[in-house]
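*Asks:* The structure under discussion is supplied below as C-alpha cells; questions concerning it will follow.
The values are calculated or read from the model by the stated rules, or taken from the named source; none is laboratory data. Model, not experiment: these values are computed from the prediction. Counting neighbours? That spans all protein chains shown, and the Cβs are built from the backbone with ideal geometry, glycine included.
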Amino acid sequence: MNDTGPGEPLRKITIVGGGTAGWMTAAVLSRWLSQVEIKLIESDAIGTIGVGEATIPHIRNYFALADIDVAKMIDAAKATFKLGIQFVDWGAPGETYFHGFGRIGRDMLWLHTHQLWLAARERAPGSVKDFDRYSISAQAALRNRFMFPDPRDRTSPLADYEYAYQFDASLFARLLREESEARGVERIEGRIVEVRRNSETGFVEQLRLEDGREVDGELFVDCSGMRALLIGEALGVGYDHWDRWLLCDRAMAVPCESVAPLTPYTRSTAKRAGWQWRIPLQHRIGNGYVYNSGMIGDDEVADALLASLDGTPTADPRPVRFAPGRRLKAWEKNVVAVGLSSGFLEPLESTSIHLIQTAIQRLLALFPARGLCAPDIDEYNRQSRDEYEDVRDFVIAHYKVTRRSGDPFWDHVRTMDVPDSLAERLELFRSSGRFFKHGAAELFAEESWVQVLIGQGFEARADPVTRFVGTEDLVHYLDDMAAVMSDVAGRMPEHAAFLSRLPASGAGRGASAGGPPKIDLGFEAARR
C-alpha cells in the first residue's frame with residue numbers, strides 16, 4: 001500500500017451486486033468519474049431484499065449528486081412524498097406521536113421550542129398541546145397535505161421545511177440502471193464462483209463467473225448484500241453484532257393494494273415482539289413486521305401482518321433474515337463495502353438508503369490513487385464507524401424510552417443497559433432538556449431526538465434559563481405557534497392532488513435539492 005501521497009487515480013472499478021446499493025453507486029460514479037471504466041456484475045438468479053422504500057430528506061442531495069431527474073424518478077418509481085414518521089403505541093399502548101422532518105416551531109432568543117414546551121408543562125400543567133402541534137411537517141402530514149417549500153416568505157414555516165420520498169426500491173434501481181448504462185457502465189450478467197487474490201498483497205484481482213468468464217478491476221465495490229461476498233467471505237473482515245441492544249433479527253414483508261387517503265408519511269406501529277411498517281406508494285402500500293424470531297414465530301407474524309393490512313395483499317408474506325451490526329472495516333485492501341455488506345440497522349428511521357448514499361459520497365471524497373493510501377482508508381473506516389454508531393444509538397433510544405410492559409420483548413429493551421454514548425445523552429436531556437450533537441457529521445438533529453424522547457414520554461426537567469420567561473408569555477408564545485402551524489397546514493394542497501399535478505419528467509433535473517418543477521402547484525393558495 002502506498003503512503004507517499006496522491007498518484008495516478010484508479011481507472012477500473014468493478015461493482016459486485018446490483019439492487020439499490022449497486023446501481024446507486026454506479027449512477028454516482030459514472031456521473032463524476034467519466035474517465036473510469038465501471039463494470040457491475042449481477043445475477044438475475046439472485047434476488048434482492050427490496051424493502052427499503054422510505055427515505056429521509058438527505059436523499060434529495062443524492063439526486064443532485066447523481067444528476068437524476070426528480071420528476072422522472074417520481075413517475076418511474078411510483079414515488080410519494082414523505083414528511084416524517086408516525087409512531088403508534090411506542091411510548092405505551094394507545095399513544096401516538098409524529099417524528100416530523102425539519103425545524104420545530106421557532107426559537108425564543110436561544111431557547112428552542114422543546115425547552116419552552118417543557119417549561120410550560122412544568123409550570124402550567126394542562127396548558128400545552130401535543131408536541132406534534134408545533135411542527136409544520138407533522139401538521140401537514142396528519143392532514144394528508146403537501147407542497148414544496150416556498151422560500152418567498154422567509155417568515156413562513158413553509159419557507160424551508162424538509163421532505164423526503166417513499167418509492168418502490170426495485171423500480172428505483174431499474175431507473176438508476178438505465179441512467180448508469182447510458183453513461184457507459186457495463187452490466188455483466190452472471191454469478192461469481194471464485195474470488196482470486198494477489199498472493200503477496202491480498203488484493204482482489206479477478207472474479208471468475210460460473211460460465212468461466214473473468215472480470216478484473218483495480219477497486220472493487222461490494223454491494224453483494226448480507227452475504228458480503230468480497231469484504232466478508234473473501235477478505236475475512238469481521239462483524240460487530242449489536243443484538244444485545246437491537247433484538248430484532250427478522251422481517252416479514254408483504255405489499256397490498258392502495259387505499260385512500262394517500263398519506264405523505266410512513267407509519268411504525270409497536271407490536272408484541274417488534275414493530276410494523278406501512279409505506280404508501282402510488283401503486284401499492286408496502287407493509288412489514290420487524291421482529292425477534294426467538295420470541296414470536298414466522299406463522300404468527302404472517303397472520304398478524306395480513307390481518308392488519310389496509311388493502312388486499314398482492315403477494316405472499318416473505319421473510320428476510322438479518323443481523324444488526326456493522327462490518328469492522330467498510331474498506332479493506334482494495335474492497336469497499338456499500339449497503340448491507342457493510343452493516344445493517346433495521347429500517348425504523350428509514351436510514352438504509354441513506355447509509356448507501358453516504359458511503360458513496362465518502363468514496364467519492366476519498367477516491368484513491370492506484371497505489372491506495374492507508375490514511376484515506378483509515379479515514380473512510382472512521383467515518384463509517386461513527387455514522388453507524390450514531391444511527392444505532394438513535395434507533396436504540398426508541399426501544400429504551402418506552403413504558404410498554406408485559407411482553408418479554410419490551411420488558412427486556414426497557415430495562416437493558418445501553419451504550420455509554422446514549423446513556424450520557426439521555427441523562428443530559430433528563431436533567432435539563434438540553435441536547436447537543438456530538439459532531440457536525442452526525443445524521444439526526446436535535447429536532448429528531450426531542451420528538452422521539454418527548455413523544456415516547458421520557459421525563460425531562462426544563463432548562464433553568466426558561467425561568468427568565470414568564471409563564472403567561474410561555475403559554476401565549478406556544479399557543480400562537482400552534483395556531484400558525486395549524487392554519488398554514490390546513491391551507492396546503494391535498495397530497496394526492498398535488499402528486500397528480502406533477503409533470504411526468506423533465507422538470508426536476510439540475511435542482512440542487514431535488515426541488516420543485518417550475519409550475520404553479522398551490523403556493524399562492526397556501527399563502528392566502
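*Asks:* With the requirement that a residue be closer than 24 Å to Pro149 by Cα and charged (D, E, K, R), what does segment 466-494 give you?
*Replies:* Selection gives Asp479, Asp480, Asp487, Arg491, Glu494.
*Asks:* Can we say Thr155 is surrounded by fewer than 16 Cβ atoms within 10 Å (Cβ to Cβ) and among the hydroxyl-bearing types (Ser, Thr, Tyr)?
*Replies:* It is true that Thr155 is surrounded by fewer than 16 Cβ atoms within 10 Å (Cβ to Cβ) and among the hydroxyl-bearing types (Ser, Thr, Tyr).
*Asks:* Same structure again: Search segment 158-169 for residues being within 21 Å of the chain's Cα centre (by Cα) and either among the charged types (D, E, K, R) or more than 17 Å from Thr263 (Cα to Cα) (or both), and hand back the single one that is surrounded by the fewest Cβ atoms within 10 Å (Cβ to Cβ).
*Replies:* The extreme case among them is Asp160.
*Asks:* What number goes with the only condition from (1) at pLDDT 95 or above; (2) small (Gly, Ala, Ser); (3) surrounded by 14 or more Cβ atoms within 10 Å (Cβ to Cβ); (4) out of contact with any Lys or Arg (no Cβ under 8 Å at 6 or more places or on another chain) that Ala511 does not pass?
*Replies:* (1)
*Asks:* Quick check, is Ile136 within 23 Å of Asn61 (Cβ to Cβ) and in contact with a Gly (Cβ under 9 Å, 6 or more places away or on another chain)?
*Replies:* So Ile136 passes the test.
*Asks:* While we're here: Counting only residues that are at pLDDT 95 or above and not in a loop (DSSP other than H, G, I, E, B), which one in segment 1-18 is farthest from Gly371 (Cα to Cα)?
*Replies:* For segment 1-18, the residue satisfying everything is Val16.
*Asks:* Just the residues that are over 12 Å from Gln166 (Cα atoms) and of a type in the set (S, T, N, Q), please, taken from segment 251-298.
*Replies:* If the condition is that a residue be over 12 Å from Gln166 (Cα atoms) and of a type in the set (S, T, N, Q), then Ser258, Ser268, Thr269, Gln276, Asn287, Asn292, Ser293 are the ones that fit.
*Asks:* Go through (1) in contact (Cβ under 8 Å) with a residue 60 or more places away in the chain; (2) closer than 18 Å to Trp242 by Cβ; (3) of a type in the set (Phe, Trp, Tyr) for Phe367 and report which single condition fails.
*Replies:* The one condition Phe367 does not meet is (2).
*Asks:* Please report, ordered by residue number, the strands (runs of 3 or more DSSP E) entirely within segment 51-104 with at least 3 residues that are under 18 Å from Leu348 (Cα atoms) and either touching a residue at least 60 places away in the same chain (Cβ under 8 Å) or not charged (D, E, K, R) (or both).
*Replies:* Hits in segment 51-104: 84-88, 96-100.
*Asks:* Now for a different question. Is it the case, given these coordinates, that Asp240 is in a loop (DSSP other than H, G, I, E, B) and among the acidic types (Asp, Glu)?
*Replies:* Numbers: in a loop (DSSP other than H, G, I, E, B): no; among the acidic types (Asp, Glu): yes.
No: the conditions fail for Asp240.
*Asks:* Shifting gears a bit: Scanning for something out of contact with any Phe, Trp or Tyr (no Cβ under 6 Å at 6 or more places or on another chain), of a type outside the set (D, E, K, R), farther than 30 Å from Cys256 by Cα and not in a loop (DSSP other than H, G, I, E, B), does segment 134-154 turn up at least one residue?
*Replies:* Yes, some residue in segment 134-154 is out of contact with any Phe, Trp or Tyr (no Cβ under 6 Å at 6 or more places or on another chain), of a type outside the set (D, E, K, R), farther than 30 Å from Cys256 by Cα and not in a loop (DSSP other than H, G, I, E, B).
*Asks:* Anything in segment 456-480 that is within 29 Å of the chain's Cα centre (by Cα) and among the hydrophobic types (A, V, I, L, M, F, W, C)? List them, or say none.
*Replies:* Across segment 456-480, the qualifying residues are Phe458, Ala460.
*Asks:* Can you tell me which residues in segment 375-416 are touching a Pro at 6+ places or on another chain (Cβ under 8 Å) and without any contact (Cβ under 8 Å) to a residue 24 or more places away in the chain?
*Replies:* Asp376
*Asks:* Right, here's the next one. Where the second residue is part of a strand (DSSP E or B) and surrounded by 13 or more Cβ atoms within 10 Å (Cβ to Cβ) and the first is hydroxyl-bearing (Ser, Thr, Tyr) and lies in segment 209-225, which pairs have Cβ atoms under 7 Å and are six or more apart or on separate chains?
*Replies:* Sorted first by the residue in segment 209-225, then by its partner, the pairs are Ser224/Val16.
*Asks:* Something else about it: Identify all residues within segment 186-201 that are part of a loop (DSSP other than H, G, I, E, B) and in contact with an Asp or Glu (Cβ under 9 Å, 6 or more places away or on another chain); write none if there are none.
*Replies:* Of everything in segment 186-201, those that are part of a loop (DSSP other than H, G, I, E, B) and in contact with an Asp or Glu (Cβ under 9 Å, 6 or more places away or on another chain) turn out to be Gly190, Arg191, Asn198.
*Asks:* May I ask you to list pairs of residues, at least six apart or on different chains, whose Cβ atoms are under 6 Å apart, with the first in segment 235-257 being crowded, with 22+ Cβ neighbours inside 10 Å and the second being of a type in the set (Gly, Ala, Ser) and part of a loop (DSSP other than H, G, I, E, B)?
*Replies:* Listed pairs, sorted by first residue: Pro255/Ala315.
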